[in-house]
Each structure stands twice: as structure tokens, then as C-alpha cells.
Amino acid sequence: MRFLNRETIKHIGEKVKVCGWVNSRRLHGKILFIDLRDRSGILQLVFTPSQPTVYQTALELRSEWVIEVEGQILKRPAQMVNPKLETGEVEMIVDKLTVLSKSLNPPFSIEGDGYEIREELRMKYRYLDLRRERMKQNLIMRHKVVKFMRDYLDKEGFIEIETPLLTKSTPEGSRDFIVPSRLHPGKFYALPQSPQQYKQILQVAGIEKYMQVARCLRDEDLRGNRQFEHTQMDLEMSFVQEEDVMSLIENLLINLVKNLYPHKKIQEIPFPRLRWQEAMKRYNSDKPDLRRDKNDPNLLAFCWVTDFPFFEKDEEGKWTFTHNPFSAPKVEYKKDLLEKKNIEKIIAAQYDIVLNGAEIGGGSIRGNTPEILESVFEIIGYRKEEIKEQFGHMLAAFQYGAPPHGGIALGIDRILSILQNEEDIREVIAFPKSGDGRDLMMNAPSEVSSQQLKEVHIRILKEKESKAPKPKKRKPKKLSKKK
């Protein structure tokens, strides 16, 4: 039976078996010390010439070799105790050694935090980078945070429901990743920017409390806190108002910090609330950093930003939505929305949760009638037939008794990066993309065979063809707007 390294402290005087990676080796005279690493920590192994066969094999061991050892667990001499290790008071006197797998010389050291190593190298050998203690702890805490949220929402009566990854391309604010259909030539699926439409339809279906740890994909420019793929704790509730959603999330976050990060301090409870206009006037930002001491890495300053303008002008001077088109206006602005007047004054029932100057979640009370959804899209320039083509499924569902509903999506990656004191969300994601959107370990994106392209009815233009004069540009049918 194999024991984890940290379990050996409970078996002093006993003979046990452990497995793991060679973390480091030290030869003191004729005595060889090996630090063995497994997921639970480090255990010091001792090899002496009194076991000549085992000793000779041990002398060949190198960093990152995978081994299995058996031996007796003994207390270390008092002067040899290492208080920095959970197993620092014990060591194993090895009498049996098996090499399970050898390793090439690693391209970088596994010890240390790894910040000094080039990103490209760390990404290429991500399986080695993840062996370092800092990265391991980031993934462990990611698991604990997600599990805490799931358990908390489960106790609140939420039902976790998976929504499709192959869906319809609709204008939601970011560029879609599209997937060609083999069975339907010339047509495409889209990977979901969020489960927004599905979770609203689940409210029409009577679920009332939905949640999901959701993968969201958006083809947009990358930066330190943005990836093509990100993970949300997504939820939606029926028969609620803004206060119900905000209260639920505030209590969730307070309890999460209290239970998983007790060494961190929340600056102010209840969380401060700022109207959008106030935030912009006082801080020139809709995600203000309210920390009183920005040098304290364990200080958490949460706040809510509410009452966002529903619409704003884009670069062409046309109306567009500030968050998403599925929000409801504040009750007092519903008449203006339906009549499409005083557009610049319409306030949405939207709310963002901000932590230390980063938006970690956003949501709203949703429009739950066909009239509200149609009015929003008409304001931003879509014709009725285009709205029906793009969102006919939503309009149809809302005609069958859609309850008032609202929700929010929390950004797991951003929350973790702040709680783990990481500046880049790549540090809390197991297999992120590089700054230019590549998976350097898998060498993706990559070319596919001509047969694969043929099956999905796609042809790649040669360089000469792609540079040929283009016909007069026309607006894509999907996004055409009335002038």
C-alpha cells in the first residue's frame, strides 16, 4: 500500500512505501539524501552503504526521476529537523528502491516560483511548470474555491445544469469562435460566449434556480486578465430583484474568504455600493480600487457598481448596449425603452461586483418579454426580421409565461488570481494560451488535413487567391443594421 509523504509522520517506527519524483539530491560523505516530492509534499530519504545494491542504484538518481521506495520512518536527530516542512521531523531509511521512470534534464528548475522563466518556455513544458509548489497550490485552491461555491449554492437550492457548447452565433458583444457543420454544408455552430440565452430559457422552463461552472469562449484580444477561454460560476434565479442576487453573492464571497482565506481581511462589510455615475465621477472608473492600503496583499476591497447606462454610442456614433442586450431597464425607464425615446437616459438593472480594482462578476435583472428584447435591438439598429432571425427562439420562449428573473456570472479565473496574489490569470489556469493565443505545449492552432476540410465543406485560399482584388464590401447579413 502506498502512503502519501505527509502521512508518514503518523507511522514513525513503521515500514512504509512511498512514490514520487526526485526533487533534489545531496551527498554528504557516503550518505546520500534524496528529497522525494509527491502531491502532498517533501519527504527526506536516506541511503547508506549498508544497503549496497540499493545504494548503488540511488547514486544514479537524477532530478525528476520517478521512483518507488520502501523503508522505515524514523525521527530525525534534533539538529536535523526542518521546521519548514510538514514532514520535517521524520525521514525514511530506504531498504528498497525501484526506478519507475527516468527523466531528461529539465529545461528549467522546478524549485522556486518560476516567475523569472520566459513565458514561452513555461507554456511549452507546462507539465513541468505545474510541478512547482506555487502552481500546485494555485490549482488546489482553484478546486477548493469552485467546490465551496458549488456547495454553497447547492444549499441555497440551485440546480447545476450543463448547457451546450455547440450553439448559434448571435451578436452578444464579442467575436464568436465558429465551428463548421459537416451535416449541414455552409452552416456553422458557435462556441458559447456565455450560457446567457440558455439560462434564461431555463427560467422559462421553470427551473427557478440554475447554476453552472461554465466554460465561455470569446475570440477577442488577449491580455493579463483575459483568455480565449474562461470559467464562470454562472447562475440565474426567478422571481427576484437586484437586491436578492446581490445579497446572495455578497454572502457567498464573505463566507468563501472566511473559510478558505482566513488570513485575508475584507476591508468593509457590507460591501460599499456605488452608482455608475458616482464611480465615474469620483474614481474615473467603473471598477474602482477602494483599498485604503494598496501595499497590503491580504486586503480585499469589494464593492458593487450599479445603475449602468443601458446604451452608449459606438465609434460610428450609433447606439450599442453597455453590458448585454438581455438586461431589463429599471422600472422607471421601461416606458422610455418601449417607446425608444430618451435613450441616453435609460438606466439598466445591471450590477457589477468589483474586487481590488478588477471586475470579478456582472449581472442584471433580465428583460422577460418579447417587447423589451425587440426594443433593445431596434434601438441598436436591427430590423424586425433580423431580430426574429437571430433571436426568434428567445422571442418564442418569452410568449409562454416567462417569469421575471435575473442572475450573475462570477469570473473564477480573476477571483483566483487576486486571492492567490497573482498578477496574471494564466497562473491559476492549468493550460492557458500564450499572449498571442497559442497552446505552445500542444502546438495549437495547427493545420488540418485536406480530407478534414473537405468533410466540412471548407477550402483554404492560397496566398495568391487571398490577395486577389475583393468585390465591393457589403455588410454581412447577420450584422446588417438599418441606416
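The values are calculated or read from the model by the stated rules, or taken from the named source; none is laboratory data. Model, not experiment: these values are computed from the prediction. So basically every Cβ, Gly included, is an ideal-geometry build from the backbone, and we count neighbours across all protein chains shown. Each accessible area value is taken on the protein alone, full model and side chains, heavy atoms only, with ligands, DNA and RNA left out. Shrake-Rupley method; radii C 1.70, N 1.55, O 1.52, S 1.80 Å.
Within segment 22-43, can you find the residues that are without any contact (Cβ under 8 Å) to a residue 24 or more places away in the chain, among the small types (Gly, Ala, Ser) and crowded, with 17+ Cβ neighbours inside 10 Å?
Answer for segment 22-43, where residues must be without any contact (Cβ under 8 Å) to a residue 24 or more places away in the chain, among the small types (Gly, Ala, Ser) and crowded, with 17+ Cβ neighbours inside 10 Å: there is none.
Before we move on, is Ala279 closer than 26 Å to Asp293 by Cα and either open to solvent by less than 10 Å² (accessible area, probe 1.4 Å) or of a type in the set (A, V, I, L, M, F, W, C) (or both)?
Yes; evaluated as a whole, the condition is true for this residue.
Within the bounds of segment 427-439, is there any residue that is more than 30 Å from Glu316 (Cβ to Cβ), at pLDDT below 90 and open to solvent by 60 Å² or more (accessible area, probe 1.4 Å)?
No, segment 427-439 has no match at all.
Tell me which of these Glu68 doesn't satisfy, since it passes every other one: (1) open to solvent by 20 Å² or more (accessible area, probe 1.4 Å); (2) free of Cβ contacts under 8 Å to residues at least 40 places away in the same chain; (3) not aliphatic (A, V, I, L, M).
Against the list (1) open to solvent by 20 Å² or more (accessible area, probe 1.4 Å); (2) free of Cβ contacts under 8 Å to residues at least 40 places away in the same chain; (3) not aliphatic (A, V, I, L, M), Glu68 comes up short only on (2).
Answer yes if at least one residue in segment 100-120 is modelled with pLDDT of 95 or more, assigned to a strand (DSSP E or B) and in contact with a Lys or Arg (Cβ under 9 Å, 6 or more places away or on another chain), and no otherwise.
Looking through segment 100-120, none of the residues is modelled with pLDDT of 95 or more, assigned to a strand (DSSP E or B) and in contact with a Lys or Arg (Cβ under 9 Å, 6 or more places away or on another chain).
Collect the residues in segment 317-344 that are acidic (Asp, Glu) and farther than 24 Å from Ile408 by Cα, keeping them in residue-number order.
Scanning segment 317-344 gives Asp336, Glu339, Glu344.
Mind checking whether some residue in segment 443-454 is surrounded by 12 or more Cβ atoms within 10 Å (Cβ to Cβ), at pLDDT below 95, part of a loop (DSSP other than H, G, I, E, B) and hydroxyl-bearing (Ser, Thr, Tyr)?
No, segment 443-454 has no match at all.
I need the strands (runs of 3 or more DSSP E) fully contained in segment 288-351, keeping only those with at least 2 residues that are modelled with pLDDT under 95.
Qualifying strands (runs of 3 or more DSSP E): 311-313, 319-321.
Does Asp154 satisfy the condition of being loosely packed, with under 15 Cβ neighbours inside 10 Å and part of a helix (DSSP H, G or I)?
Against the criterion (loosely packed, with under 15 Cβ neighbours inside 10 Å and part of a helix (DSSP H, G or I)), Asp154 qualifies.
Restricting attention to segment 365-381, does a residue exist that is under 30 Å from Asp413 (Cα atoms) and outside any loop (DSSP other than H, G, I, E, B)?
Checked segment 365-381: at least one residue is under 30 Å from Asp413 (Cα atoms) and outside any loop (DSSP other than H, G, I, E, B).
Would you confirm whether any residue within segment 266-274 is in contact with a Phe, Trp or Tyr (Cβ under 7 Å, 6 or more places away or on another chain), open to solvent by 90 Å² or more (accessible area, probe 1.4 Å), within 20 Å of Thr322 (Cβ to Cβ) and in contact (Cβ under 8 Å) with a residue 24 or more places away in the chain?
Within segment 266-274 (the criterion being in contact with a Phe, Trp or Tyr (Cβ under 7 Å, 6 or more places away or on another chain), open to solvent by 90 Å² or more (accessible area, probe 1.4 Å), within 20 Å of Thr322 (Cβ to Cβ) and in contact (Cβ under 8 Å) with a residue 24 or more places away in the chain), the answer is yes, since at least one residue qualifies.
For Glu86, indicate whether it is part of a loop (DSSP other than H, G, I, E, B) and either in contact (Cβ under 8 Å) with a residue 12 or more places away in the chain or among the small types (Gly, Ala, Ser) (or both).
Against the criterion (part of a loop (DSSP other than H, G, I, E, B) and either in contact (Cβ under 8 Å) with a residue 12 or more places away in the chain or among the small types (Gly, Ala, Ser) (or both)), Glu86 qualifies.
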